[in-house]
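Undergrad: Right, I'll just put the structure down here and ask away after.
What follows is calculated from the coordinates using simple rules that are stated; it is not laboratory data. All values reported here derive from a predicted model rather than from experimental measurement. Positions of Cβ are backbone-derived with ideal geometry, glycine not excepted, and every protein chain shown enters the neighbour counts.
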Amino acid sequence: MTAAAAERVLRANWREGRRRDGTPYAFTCPAQRRYKHQWYWDSCFHAVAWSRLDPQRGREELRTLLRAGRADGFVPHTAFWGASPRWRRAPLYATDRVWGDIATASIQTPLLAVAWERVALACDDGGAFAAEGLPALRAHARWLLRERDPDDDGLLTVLLPDESGLDDSPKYDAAYGRLAHWKPAGYARLVQRCRRHRWDARAIAATSDEHVEDVLVNVAHALSLRALARLSGEDQWNEHARRTETALLERCWDERHGLFFDLAGRAERPLKTATWSSLAPLALGDAIPRDVRERLAEQLADPRRFGARFGIPSVSMSEPSFRPGFDAFRTWRGAAWTCSTWLLVGGLRALGAADEADRIAQGALDAVERSGLREYYHPRSGAGHGERGFGMSALVLDLPAGLVPGTVQAA
Ligand code: GLC
């Protein structure tokens with residue numbers, strides 16, 4: 001029943017056509033009412049879900065995402081294909097100009113090569129889709145390395161909190177304060193600053209403290225670099241991945257708390273709020289020492305922290321900021337999203353914790369069974385919140401396995 005519901009949502013949210021300038025598009029919108037455009041990481045998750053049902057759709061979705069990008073390798077957070085945001089919602093988008101852009105100038109958690117590899121595997125086309133993507137995937141990786149690691153320490157930097165996909169996570173409160181949120185207008189001020197600096201991360205990082213070396217973003221970056229190494233057979237991408245993995249371990253791992261923390265501002269101050277992003281390096285498999293991953297797995301199993309009945313709480317249940325219910329203006333402050341289960345259960349399996357992985361995957365499936373494909377779920381009751389018919393939750397099609405660290409690309 002869950003699988004049928006997931007397929008229904010993906011099919012209902014499928015959009016295809018041509019932009020005004022004639023560029024063709026085909027993608028899944030995250031939710032028909034509120035999220036009509038194409039979002040970068042949602043598209044990666046949709047493509048993974050499509051790879052289980054109809055890999056051709058996954059292929060079109062990822063091709064469309066690349067088409068939203070530029071020749072220099074930049075791929076946007078959101079692309080407005082069929083409809084530009086209207087004046088009421090336009091201020092919510094991190095565009096270059098106030099009006100009339102075709103996409104944002106911001107990025108989102110870079111999982112494109114991971115999704116590309118999954119779809120390529122499912123296409124069974126003798127490696128054609130894998131080969132087709134290589135020039136653009138290389139350019140995208142180079143763009144991120146060149147433009148988003150201003151201090152060249154192996155860790156990418158986000159300029160806006162929603163560049164990680166975790167828009168209002170309390171982990172950003174200490175770094176951004178009121179600027180993190182679009183109400184009252186803080187986010188718009190951050191966007192203004194980025195526009196003034198022409199979205200130059202070096203200039204922004206040198207002159208302000210509202211920027212973050214984000215654990216989740218860097219885990220995704222390392223995963224994508226590893227996927228690109230497998231897709232291309234080029235070892236240089238493994239070396240870049242190793243650099244990021246080492247930096248995560250050396251700079252973000254907090255031995256006392258048993259968690260990875262983001263680093264904020266010019267002083268690279270650790271943001272010590274326990275969120276699911278603190279556990280994300282589990283997805284890197286044996287690139288991270290076993291004892292470190294075991295500490296992360298303990299937190300996932302702990303009923304006072306992340307061990308909930310319905311999916312993984314986005315914030316540890318022991319944090320004072322934990323708010324698992326609905327808030328129209330604040331997301332990622334406690335509720336469970338399907339993508340975190342998808343990203344983490346494979347890491348648990350790689351550790352040999354199959355029972356725990358099954359328990360968590362089943363919890364996420366139960367939430368969908370109980371409440372349908374919602375944007376997020378109350379981790380204790382399984383009640384659904386936010387949008388209905390939410391595409392990302394179709395990742396249940398790829399559970400209980402989830403993302404398996406070190407997936408091998410078929411020849
Ligand atoms: C919300 C989520 C973000 C997602 C977007 C579209 O803003 O916080 O992660 O990409 O919606 O679904």
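Undergrad: With a Förster radius of 41 Å, plug the Cβ-Cβ distance of Ser208 and Ser318 into 1/(1 + (r/R0)^6) and report the FRET value to the nearest 0.05.
TA: So the FRET efficiency works out to roughly 0.85.
Undergrad: Name the residue farthest towards the positive end of the dipole of the chain from the options Leu134, Pro270, Met392, assuming +1 on Cβ of Lys and Arg, -1 on Cβ of Asp and Glu, about the Cα centre.
TA: The listed residue farthest towards the positive side: Met392.
Undergrad: While we're looking at this one, here's another question. When the chain is fully extended, how far beyond the present Cα-Cα distance does Arg70 get from Thr246, taking 0.36 nm per residue of separation?
TA: In short, 60.4 nm is gained.
Undergrad: Under 18 Å between alpha carbons, and skipping anything fewer than 8 positions from Lys183 in its own chain: which lysines qualify?
TA: Output for Lys183: Lys171.
Undergrad: Okay, next question. With θ set to phi - 60°, apply the Karplus curve 6.51 cos²θ - 1.76 cosθ + 1.60 along the stretch 317-323 and write out the HN-Hα couplings as whole Hz, x wherever there is a Gly or Pro.
TA: 5, 8, 7, x, 7, 4, 9
Undergrad: Just check the chain against the gyration tensor rule for me: Cα atoms, a ≥ b ≥ c as the square roots of the eigenvalues, rounded for a/c under 1.5, and otherwise prolate or oblate depending on whether a/b exceeds b/c.
TA: Rounded is the answer for the chain, as its axis ratio a/c remains below 1.5.
Undergrad: How much length would be gained if the chain were fully extended between Trp99 and Asp54, taking 0.36 nm per residue of separation minus their Cα-Cα distance, in nm to one decimal?
TA: Length gained, Trp99 through Asp54: 12.6 nm.
Undergrad: Another one. Quick one: order Tyr40, Tyr172 by neighbouring beta-carbon count within 10 Å, fewest to most.
TA: Final ranking by Cβ density, sparse to dense: Tyr40, Tyr172.
Undergrad: Determine ³J(HN,Hα), in whole Hz, for all residues of the stretch 254-263 in sequence, where each value follows from phi through the Karplus function 6.51 cos²θ - 1.76 cosθ + 1.60 and θ = phi - 60°; x replaces Gly and Pro.
TA: Values per residue, Gly and Pro as x: 10, 4, 5, 7, x, 9, 9, 10, 5, 10 Hz.
Undergrad: Going highest first, how would you order 14-22, 296-304 by mean Cβ packing within 10 Å?
TA: 296-304, 14-22
Undergrad: I would also like to ask the following. About its Cα centre, how strong a charge dipole does the stretch 2-398 have in debye, to the nearest 20, once Lys and Arg get +1 and Asp and Glu get -1 at the Cβ?
TA: Dipole magnitude for the stretch 2-398 comes out near 1660 debye.
Undergrad: Shifting gears a bit: Which of these, Asp173, Asp124, Asp214, has the largest mean-square fluctuation under a Gaussian network model of the chain (Cα springs below 10 Å)?
TA: The residue with the greatest mean-square fluctuation here is Asp124.
Undergrad: Given a Förster distance of 25 Å, report the FRET efficiency between Ala401 and Asp286 from their Cβ-Cβ distance, rounded to the nearest 0.05.
TA: With a Förster radius of 25 Å, E is 0.90.
Undergrad: When only C-alpha pairs under 8 Å and at least 6 residues apart count, what is the relative contact order of the stretch 2-398, in percent?
TA: 16
Undergrad: What dipole magnitude, in Debye to the nearest 20, does the stretch 215-314 give about its Cα centre under +1 on Lys/Arg Cβ and -1 on Asp/Glu Cβ?
TA: 360
Undergrad: Could you please state, rounded to a whole Å, how far the C-alpha centre of the stretch 130-148 is from the C-alpha centre of the stretch 46-71?
TA: Measuring centre to centre over Cα atoms gives 16 Å.
Undergrad: As a footprinting exposure proxy, order Trp237, Trp116, Trp182 by other Cβ within 10 Å, with the fewest listed first.
TA: Starting with the residue having the fewest Cβ neighbours, the order is Trp182, Trp237, Trp116.
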